[in-house]
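Below is one structure, written out as structure tokens, with a few remarks after it.
The values are calculated or read from the model by the stated rules, or taken from the named source; none is laboratory data. Please read these numbers as outputs of a predicted model, since none were measured by experiment. In this analysis, Cβ positions are derived from the backbone assuming ideal geometry, glycine residues included, and neighbour counts consider all displayed protein chains. In case anyone asks, the SASA skips ligands and DNA or RNA and just uses the protein heavy atoms, side chains included. Shrake-Rupley method; radii C 1.70, N 1.55, O 1.52, S 1.80 Å.
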Amino acid sequence: MTPLPRLRPLEPIPFEHEGQQYIAFRDPAGIAQPVELPQAVAMLLSLFDGERDIAAVITKWHQLTGEHLPIDFVTRFVDELTGHLVLDGEPYRAALAQAMADYRA
């Protein structure tokens, strides 16, 4: 099955570093560590709505920006964000279950 990447509910915090615009994504639940991304890359996260597969994300990005994203870049990006618990997926669900178990103990 083709993954449908879904961004978890995170708090975006814009900031500037060395003249560049970034967005830090903070997890209000405290399960994931904050992730900082350049603003242009962070905009790509808005397309991870759980309704589009990677090919559809690439198509929509091209429609919005005129830029083509290689599928291997987007696939690696999704894998990395999943591993950092930014996207909903098995790693996040396992971390959430562990946090709940730790809380109950």
Determine which single condition Ala97 fails, assuming it passes every other condition in (1) in a helix (DSSP H, G or I); (2) within 15 Å of the chain's Cα centre (by Cα); (3) without any contact (Cβ under 8 Å) to a residue 40 or more places away in the chain. (2)
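Can you confirm whether Ala32 is closer than 19 Å to Asp88 by Cα and at pLDDT 95 or above? Quick ask: steps written out before the conclusion?
Working: closer than 19 Å to Asp88 by Cα: yes; at pLDDT 95 or above: no.
Criteria not met by Ala32.
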May I ask you to verify whether Leu81 is in contact with a helix residue (DSSP H, G or I) (Cβ under 9 Å, 6 or more places away or on another chain) and not basic (Lys, Arg)? yes
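Go through the stretch 82-94 and give me each residue that's aliphatic (A, V, I, L, M) and open to solvent by 30 Å² or more (accessible area, probe 1.4 Å).
Quick first cut of the stretch 82-94, residues aliphatic (A, V, I, L, M) only: 85-87, 94.
Within the stretch 82-94, just Ala94 meets the criteria.
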Considering only the stretch 82-94, how many residues are outside any helix (DSSP H, G or I) and over 16 Å from Gly30 (Cβ atoms)? 3
